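First up is the structure itself, then whatever we jot down about it.
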Amino acid sequence: MVWMPTAKKLLANYHVVMVDLPGHGESALPDPFSLAACAEALDRVLAKQKPDSTVLVAHRFGGLIALLEAQAHPDRVRGLMVIDAATKSPTKIPEQQQQYFISMLDEHYDEFLKGMSMGQARDSVQGNELYSQAQAVPAASIKAFFKAALNVDASSAVKGMRPTLMYVGSGQAWLEGTSWPSVQKTMGYEDAPDMLSRRIGNCGPLIMKEQPDSLAAAIRDFTAQSLAAKKK
């Protein structure tokens, strides 16, 4: 599991619960599918935890789901860390062109998957690794998430958010020399002025595998800040 290198750094001092993204691993894909339904599935897991000491860490699409969950059930967690997760698609596809995108996704799925993997990776070796991991996920799951992301906008979820909120950017998502206010606006968090942030360089999408020590340290620091903060 890609998260294990980071999780192992935390197990000695924290109760770590790892949750598969809906439609991935052993988590079922909601039917009918929606990101709200995914958030409800996450809520069923969080409902079993201790809210006063729970810190939620979520990556990319998982971060989007976590934002919706924190908006719907702010008392479930004390802190939310999102990694490389935008509140909405950075490239808006006009409604009249969305059907073309959906058709392309259905008809040229493998080509799309490989192009996406290579485009996100640091190099061809990592691109092949990402491609292999994506191939292991049911096509229906990946298609469902990308189709849902066309019109999602979770930026309202960060307004006045009660849990402490932090954005962690990999070196590839948060380019060196780019200021946090610029990243904050690009990723859709400009309405969260008190949001914490941290950049972890020398890594791409597999930040939890490439930089486990740095990410684990960020999680430890954020957990301490979240638990020390007074609830709003």
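The values are calculated or read from the model by the stated rules, or taken from the named source; none is laboratory data. Not measured: the values here are computed from a predicted model. Cβ placement follows ideal geometry from the backbone for every residue including glycine, while neighbour counts extend to all protein chains displayed. Ligands, DNA and RNA are excluded from the accessible area calculation, which covers all protein heavy atoms including side chains. Shrake-Rupley method; radii C 1.70, N 1.55, O 1.52, S 1.80 Å.
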Which residue, 40, 69, 111, has the most motion in a Gaussian network model of the chain that connects Cα atoms within less than 10 Å?
111
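Using per-residue counts of other Cβ atoms within 10 Å, averaged over each peptide, order 49-59, 162-172, 77-87 from highest down. Can you show the working numbers first?
Working: 49-59: 18.0, 162-172: 21.9, 77-87: 24.1.
The densest-packed peptide leads the list: 77-87, 162-172, 49-59.
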How would you rank 2-13, 205-216, highest first, on the average number of other Cβ atoms within 10 Å across their residues?
205-216, 2-13
So residue 124 and residue 17, fully extended at 0.36 nm per residue minus their Cα-Cα distance, gain in nm 35.3 nm
Which one of 35, 46, 105 has the biggest mean-square fluctuation once the chain is modelled by GNM with Cα springs under 10 Å?
105
Would you kindly calculate the mean projected area, averaged across all directions, of the convex hull enclosing the Cα atoms of the chain, in square nanometres?
12.4 nm²
Estimated distance in nm for a label pair at residue 103 and residue 175, the labels positioned 7 Å out from Cα along Cα-to-Cβ:
3.4 nm
Nearest 500 deg cm²/dmol is fine: what mean residue ellipticity at 222 nm does the chain get from its DSSP H runs of n ≥ 4 alone, each adding -39,500 (n - 2.57), divided by its residue count?
-13500 deg cm²/dmol
I'd like the FRET efficiency for residue 224 and residue 72, computed as 1/(1 + (r/R0)^6) with the beta carbon distance as r and R0 of 30 Å, rounded to 0.05.
0.70
SASA check, residue 15, accessible area w/ 1.4 Å probe, all protein chains in place, rounded to nearest 10 Å², comes out at 150 Å²
Taking the stretch 88-193 on its own, what percent of its Cα-Cα pair distances exceed 17 Å?
66 percent
Neighbourhood charge, 14 Å Cβ-Cβ cut-off, centred on residue 143 and excluding it, Lys, Arg +1 and Asp, Glu -1:
-4
What's the FRET efficiency of residue 37 with residue 116 using the Cβ-Cβ distance as r and R₀ = 25 Å, to the nearest 0.05?
0.60
Could you pull out every whole DSSP H run in the chain that spans at least 20 Å of Cα extent along its own axis and averages -1.0 or higher on the Kyte-Doolittle scale?
212-228
With a Förster distance of 22 angstrom and the Cβ-Cβ distance between residue 191 and residue 48, calculated FRET efficiency to the nearest 0.05 equals 0.10
Sketch the reach of a paramagnetic label on residue 133 as a point 7 Å from Cα along Cα-to-Cβ, and name the residues of the stretch 159-179 whose backbone nitrogen lies under 19 Å away.
168-175
